[in-house]
Amino acid sequence: MSAAEMRHLLLSLALLAGSTAASHATVIVAGNVTTPGAPCTLTLTQDMTYQLTAPNFKLGYTDISLVMQGWAATASTATTSLLLNQPLNVSVDGFAGQYQGYLTEGWIYAYGDISTRDAYLDIVLPLYPAGTTITFNAGTYTFAGSSSYSPNLAGIFDGTSFLSDSHATRISNVIPEPATGMLGLLGAVGLFRRRRAC
């Protein structure tokens, strides 16, 4: 393999790594979220899998937030956090578990890696080291509406997400779905073969 071919292969692999740096999954919130007590639903349409890049521990807390960047169309002026009616199904290194979750919307000021336009799911886990794989499993959960929620919360989220610790510091990489990773790998191999043929 020539030096030029090696450079092209490394570039292809770098592009593949960049394509898997953010998670794009669909989350749907339905119902009259601003009406107190109204029945609402939160649906994760597919598993969302991450690998911790640091322990989920900050100043004595082991909370983890699944942050959905830019959920709200406008910046929030208040923070609302309400308990889901069912525990979230979360797998840790392949072992299934259930954890009480809170749907939180709004952050009154930018803090760490969370902005005023983000929404997130909060859970409390035991302490896990870097390298641990955490999966929020697909499913539908119910919660009650609140006058404190923004109407922007209802709708479809299909953007970038990550895990943060209790002090809003990003502590995860995304593990792509097998199909996504395979497509990226096939693209890299195809580019390498094309360059080699030239």
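The values are calculated or read from the model by the stated rules, or taken from the named source; none is laboratory data. In this text, all values refer to a predicted model and were calculated from it rather than measured experimentally. As a convention, Cβ positions derive from the backbone with ideal geometry for all residues, glycine included, and neighbour counts pool all protein chains shown.
Residue-by-condition table, conditions (1) more than 15 Å from the chain's Cα centre (by Cα); (2) among the acidic types (Asp, Glu); (3) outside any loop (DSSP other than H, G, I, E, B):
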residue: 116; (1), (2), (3): yes, no, no
residue: 122; (1), (2), (3): no, yes, yes
residue: 127; (1), (2), (3): yes, no, no
residue: 131; (1), (2), (3): yes, no, no
residue: 142; (1), (2), (3): yes, no, yes
residue: 146; (1), (2), (3): yes, no, no
residue: 152; (1), (2), (3): yes, no, yes
Inset, instruction - Go through region 104-114 and give me each residue that's at pLDDT 80 or above, over 13 Å from the mean Cα position of the chain (by Cα) and not β-branched (Val, Ile, Thr). - result: 105, 112
Inset, instruction - Pull up region 168-198, narrow it to residues that are part of a loop (DSSP other than H, G, I, E, B) and either modelled with pLDDT of 90 or more or under 16 Å from the mean Cα position of the chain (by Cα) (or both), then point me to the one that is nearest to residue 105 (Cα to Cα). - result: 168
Legend entry - Selected residue (only one of 160, 140 is modelled with pLDDT of 85 or more and out of contact with any His (no Cβ under 9 Å at 6 or more places or on another chain)): 140
Legend entry - Where a residue in region 133-158 is touching a residue at least 12 places away in the same chain (Cβ under 8 Å) and closer than 20 Å to residue 38 by Cβ and its partner, wherever it lies, is aliphatic (A, V, I, L, M) and surrounded by fewer than 16 Cβ atoms within 10 Å (Cβ to Cβ), with Cβ under 6 Å and at least six apart: 145/38; 152/73; 156/28
